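Scroll down for the structure; my scribbles are underneath it.
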Amino acid sequence: KVVRVASGAMSSGQGQKSVEELLVETGERDRLKELLRTKLVESGWRDGLKEHCKEVIRSKGKEKVSIDELAAEITPHGRSTIPQEIKQDLLRRISKFLEENHG
């Protein structure tokens, strides 16, 4: 279900723009993605995920693991290991954006 923004309040009505659409139109989505990418690299998360990929490939055998299998195995690990403070910062920034632009 897509969250919609209508006259300063969150709703799920038709005809209003979704949060995603607002973020894209203003360029905020790209700014947040770049910030997230930087924070994940700085936190060591990216290196940790890279090591996890190598371990999965070693355990299954380089010739025996497909890209789809690798993605299916590392995606849940990647999502579950994002530092909580990075998630909270991203949510805080999105909330602030919504307050400033539609609050």
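Summary of values
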item: Candidate residues H77, H52: accessible-area rank, largest first, probe 1.4 Å; result: H77, H52
item: Where L98, L91 fall by accessible area, highest first, once all protein chains stay in place (1.4 Å); result: L91, L98
item: Distance between the stretch 23-37 and the stretch 60-103 - C-alpha centres, whole angstrom; result: 14 Å
item: Neighbourhood net charge (14 Å Cβ-Cβ; Lys/Arg +1, Asp/Glu -1) for Q84; result: +2
item: Sparse-neighbour loop sites [trypsin sites (Lys or Arg not before Pro); the stretch 10-103; at most 12 other C-beta within 10 Å; DSSP]; result: K62, K64
item: The stretch 36-103: GluC sites (Glu not before Pro) in DSSP loop, at most 11 other beta carbons within 10 Å; result: E63
item: Close Lys-Lys pairs in the stretch 20-64, where close means Cα under 28 Å and separation is 8 or more or interchain; result: 9
item: Per-residue ³J(HN,Hα) for the stretch 76-93, Karplus 6.51 cos²θ - 1.76 cosθ + 1.60, θ = phi - 60°, Hz, x for Gly and Pro; result: x, 4, x, 5, 6, 9, 5, x, 4, 5, 6, 4, 5, 5, 5, 5, 4, 5
item: Rough spin-label spacing in nm, given labels placed 7 Å along Cα→Cβ, for E100 and I82; result: 2.0 nm
item: Projected label distance in nm at T26 and R46, using a 7 Å step from Cα toward the beta-carbon; result: 2.6 nm
item: Segment K62-R92, extension gain: residue separation times 0.36 nm, minus the distance between their alpha carbons; result: 6.7 nm
item: Residues whose placed amide H lies under 5 Å from that of K17, excluding near-sequence neighbours; result: V5
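The values are calculated or read from the model by the stated rules, or taken from the named source; none is laboratory data. Being a predicted model, the structure only gives us computed values, none of them experimental. Here the Cβ is made from the backbone with ideal geometry for all residues, glycine too, and neighbour counts use every protein chain on show. The area values use the complete protein model at the heavy-atom level, side chains included, leaving out ligands, DNA and RNA. Shrake-Rupley method; radii C 1.70, N 1.55, O 1.52, S 1.80 Å.
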